[in-house]
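K.L.:
Take this structure, written in structure tokens, and hold onto it; I'll ask about it next.
The values are calculated or read from the model by the stated rules, or taken from the named source; none is laboratory data. Please read all numbers here as calculations on a predicted model, not as lab measurements. Positions of Cβ are generated from backbone atoms using ideal geometry, with glycine treated the same way; all protein chains shown enter the neighbour counts. Accessible surface is based on the protein model in full, side chains and every heavy atom, while ligands, DNA and RNA are left aside. Shrake-Rupley method; radii C 1.70, N 1.55, O 1.52, S 1.80 Å.
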Amino acid sequence: MFMEILRFEIAYRFRRPLLYVFAAILLLMTFGAVSTDSVMLGGPIGNVARNASYVIVNMLIVLSSIGLLFVTIFVAPAVNRDHEENIQELFFSTPIGKHAYLLGRYLGSTIPVILAMLLSCLGIWLASVMPWQDPDRIVPFSAWPYIYSAAVFVIPNLLVAGAIFFSIATLTRKSIYAYVGVISLFALWGIGLAFVGDLEQQSLMSILDPFGWSTFRVMTRYWTIAERNTGILPFGGLLFLNRMIWLSIAAAAMILTNVKYRMALAAESGKSPAPAPFDGTAADGAGGISAEPGTSPRFSLDYGGRARFNQYLHQAAIETGSILTSIPFIVILMFGAANLVASLFINPEGTTSLPLTQQMLRLIEGSFELMPWLVIIIFGAELVWREKKVRISGMTDALPIPNWIPLASKMSALFAVSFIMITVAMTCTVTFQIFKGYFHFEPLLYFKGLFLIMLGELLLLSVLSIFFQVISGNRYVGILLMVLVFVGLDVMREMGYDHRLYLYAQSPSTTYSDMNGYGPFTAAIFWYRVYWTFFAAGLAIVSSLAWMRGTDAGMATRLRLFRARLTGGSAAALAAASILFVVTGSWIYYNTNVLNERVTRDGDRSRRALYEKQYKKFETAAQPRVVAADLRVDIFPDSRRVEIGGSLTLVNKTGRVIDTLHVNIENEVDPANLNLPGGGILLDDRDTGYRIYRLDPPLAPGDSIVLGLDLTIGARGFR
């Protein structure tokens, strides 16, 4: 009977979409972490190869520790599901052994999670063979790090976590206690990670770490780059002891469950009384309808703006609640928070620094930002197709409400959960700062970095997610299009197509400084946000015009309805959004490509290569030394301009006559701003900023010359 129960449970799990959501999350996480620095999984990669054995093992350990959230979702209701669905009698009345029943349920729920977890290995390998990877940062493929990680960490970690939380849920017959146990374990684990930096406590914490991550970090802390690239940690010492302890705990938990669990019906009590029959009357003030016995109810219809707004608020609250109470959302949120907490305790440089708010923002961006992306992709589809999924779309589509109400309510739900997720991330980092004894939180910086910059991008992505679902007319096609956008943004940047004018919702990378905040990046961020907001407004208008109502979702019908709905008001709004989008884009192009020279990453590399090829021959050329400077420097921070006047005194301290002066200078500086008596320009390479001046007369050994400066260097628009 054990094999029958095992096969049944595995087949049941593979029919549930949550397993595939989990697998997709893992695949995207590892692919993003290896292919780009914008995603971090357990901390930055550092100077080692991107697919180094150390990186593979470290990532898979972190994933397996976070994976206990998913394994708990699967194992906690494995037995309780029979009681909740009132089919336990079917099992208890058959000659099933208790150990076969429990072990089949446990392994049948854990094995699918293990298989999904191992899929993350595919993400690492795929990222390592992408064409944009630097060959010097990729080591030859070896299957051994993957096999080692699975055998020593991934499979044991999931078996241990599954056994512990299966035992808790099964013996208490309440899944909620297993979820409480997950939170408690993560809290204790986070506290334990804080002690790994204490040399006196490292061995103890290495043994007690349920996931073996502290053990791995302690035993590899002195490894060189070469060892991290190809070395594998020997299975012995602290690592062997750690694994044996926790596998023994898992075995003990399963034995205890087998001994204590009773294959008997749980006592039923506390049933709610049956509702009283409806007598045709309504309570006073209920929904604006009132009636006396024997009379018809009196009601009034209101199609005014206030009523529409109330309808929108009510529907938005329902849509938001449907996401917040769903298991996949809770899992993704906890997954992201756990990865963020793990990254907070990693210090790859081996140095100690204060947990500055600007550092916390960078960690949130690298370790957490993928989670709102996933929520937007998954729940964008869920919200649009929810009524059809539960077969009430015929009723909701017939309601006398305009298309913008369901559309705006679903978009608002994605906005709300994005806000909540970012707030959770901020709470994690602020708690970490308090834990480290740092209380300079800089709430205004949190507000700018998270709720203006990051949340602004997520809002634009939410609109795009709903748009793809509406236009495609198929939830899976819509999800695929969003996944392509997610991958495509990184791929295009890596291939050199990095202008934010065609990278949806993107704005230039920012650098925060304690001296002047976001400084020159503020204007660029603002205009790119405005630019993409007008584009998103156009998408929202098109989505409203193409909103699906009724059972006929054919393309011909939808196009006919689209044209019929494109009335004067909607056409004017769409035209205004389009015009403002083009005008704003033209202004951005004028600043980035006309006022300033725009150099792509590949162009910059070509320029550097050209510089080395053409001018390396002058590397040993005799040149005078600067021995004195008499400069007047006026700095104008508000206009980002500097004026430099004065002179430099140069002396020939070599034993040779010098007839040329070689200068490296910004290519925007005009040659006339350098005053060299008797000199003339022999070479003016504006692309590389390399100039050669003729010295007339030549500078004999010991002679000096004065170079006059009259420079103005200032910012023009934004880059």
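K.L.:
Mind giving me the FRET efficiency for F419 and L241? R0 is 41 Å, r the Cβ-Cβ distance, nearest 0.05 is fine.
P.N.:
My answer for the efficiency is 0.35.
K.L.:
Sticking with this one: Could you tell me the accessible area of W125 in Å² (1.4 Å probe, neighbours in place), rounded to the nearest ten?
P.N.:
100
K.L.:
Per residue, how much space in cubic angstrom lies within the convex hull of the C-alpha atoms of the stretch 451-515?
P.N.:
Convex hull volume per residue, Cα atoms: 102 Å³.
K.L.:
Over the chain, with the other protein chains present, what is the accessible area per residue in square angstrom, probe 1.4 angstrom?
P.N.:
Value for the chain: 50 Å² per residue.
K.L.:
Heavy atoms only, 1.4 Å probe, whole protein assembly: order H499, H440 by accessible area, highest first.
P.N.:
Final ranking, largest accessible area leading: H440, H499.
K.L.:
Right, next: Can you compute the helix-only [θ] at 222 nm over the chain? Use -39500 (n - 2.57) per DSSP H run of at least 4 residues, normalise by all residues, nearest 500 deg cm²/dmol.
P.N.:
-18500 deg cm²/dmol
K.L.:
Of the accessible area of the chain, with the probe set at 1.4 angstrom, what percent is carbon plus sulfur?
P.N.:
Details: 22840 of 35840 Å².
So the carbon and sulfur contribution to the accessible surface is 64 percent.
K.L.:
Mean shadow of the chain, computed from the convex hull of its alpha carbons, in nm²?
P.N.:
Here the figure is 43.4 nm², rounded to one decimal.
K.L.:
How big is the gap, in Å, between the Cα center of the stretch 240-257 and the Cα center of the stretch 17-53?
P.N.:
Between the Cα centres of the stretch 240-257 and the stretch 17-53 lies a distance of 29 Å.
K.L.:
Give the span of the stretch 574-616's Cα atoms along each principal axis, as three whole-Å numbers ordered largest to smallest.
P.N.:
Cα extents, longest axis first: 55, 17, 7 Å.
K.L.:
A further question follows. To the nearest 20 debye, what is the magnitude of the charge dipole of the stretch 484-622 about its Cα centre, counting +1 on the Cβ of each Lys and Arg and -1 on the Cβ of each Asp and Glu? List each step's numbers first, then the result.
P.N.:
Values: 16 positive and 10 negative charges, 84 e Å.
Dipole of the stretch 484-622, to the nearest 20 debye: 400 debye.
K.L.:
Still on this structure, I have one more. For the stretch 548-669, what percent of Cα pairs sit more than 24 Å apart?
P.N.:
Here the tail beyond 24 Å accounts for 67 percent of pairs.
K.L.:
Moving on to the next point. In whole angstrom, how far apart do the alpha carbon centroids of the stretch 101-173 and the stretch 542-571 sit?
P.N.:
46
K.L.:
Per residue and in Å³, how big is the convex hull formed by the alpha-carbon atoms of the stretch 441-559? Present the calculation step by step, with values, prior to reporting the outcome.
P.N.:
On the way: hull volume 16.1 nm³, N = 119.
Expressed per residue, the convex hull around the Cα atoms of the stretch 441-559 is 135 Å³.
K.L.:
Kindly count the pairs of lysines across the chain whose alpha carbons are less than 27 Å apart, treating pairs on different chains or eight or more residues apart as eligible.
P.N.:
11
K.L.:
What figure, in Å² to the nearest 10, do you get for the accessible area of R605 with a 1.4 Å probe and non-protein molecules left out?
P.N.:
Accessible area, nearest 10 Å²: 140 Å².
K.L.:
Next up: Given a 1.4 Å probe and the protein chains all in place, what does the accessible area of T72 round to, in Å² to the nearest 10?
P.N.:
Answer for T72: close to 0 Å² accessible.
K.L.:
Next up: Note down the magnitude of the dipole of the chain about its Cα centre, charges +1 on Lys and Arg C-beta and -1 on Asp and Glu C-beta and zero elsewhere, to the nearest 20 debye.
P.N.:
1460
K.L.:
Another question, if that's okay. Scan the chain and hand back the longest stretch that contains none of the GluC sites (Glu not before Pro) lying in DSSP loops with at most 15 other Cβ atoms within 10 Å. Mind dumping the intermediate values first?
P.N.:
Values: sites that count: E85, E200, E268, E349, E597, E619, E666, E668.
It works out to 350-596.
K.L.:
Report, by chain and number, residues whose modeled amide H sits under 5 Å from the one on T654, excluding near sequence neighbours (fewer than 5 apart, same chain).
P.N.:
G702
K.L.:
Projecting each Cα onto the charge dipole of the chain (Lys/Arg +1, Asp/Glu -1 at the beta carbon, about the Cα centre), which of F535, V331, L233 comes out farthest on the positive side?
P.N.:
V331
K.L.:
Placing one identical point scatterer on every Cα of the stretch 610-676 and ignoring solvent, what is log10 I(q)/I(0) from the Debye formula at q = 0.12 Å⁻¹?
P.N.:
Relative scattering, expressed as log10 I(q)/I(0), comes to -0.47.
K.L.:
Among rounded, prolate and oblate, which fits the stretch 639-719 when a ≥ b ≥ c are the square roots of the eigenvalues of its C-alpha gyration tensor, a/c under 1.5 means rounded, and a/b larger than b/c means prolate?
P.N.:
It comes out prolate by the Cα gyration axes.
K.L.:
Provide D397, D302 ordered by accessible surface of protein heavy atoms (probe 1.4 Å), highest first.
P.N.:
D302, D397
K.L.:
Taking the mean number of other Cβ atoms within 10 Å as a proxy for protection, how do you rank 405-418, 624-637 from highest to lowest? Write down the numbers at each step before the final one.
P.N.:
Numbers: 405-418: 22.4, 624-637: 11.1.
Going from most to least packed, we get 405-418, 624-637.
K.L.:
Set the Förster distance to 45 Å, then compute FRET efficiency between L480 and R641 from the Cβ-Cβ distance, nearest 0.05. Before the final figure, lay out the partial values.
P.N.:
Details: r = 49 Å, r/R0 = 1.09.
With a Förster radius of 45 Å, E is 0.35.
K.L.:
If you average 1/r across every pair of different Cα atoms in the stretch 2-66 and take the reciprocal, what Kirkwood value do you get, in Å?
P.N.:
13.7
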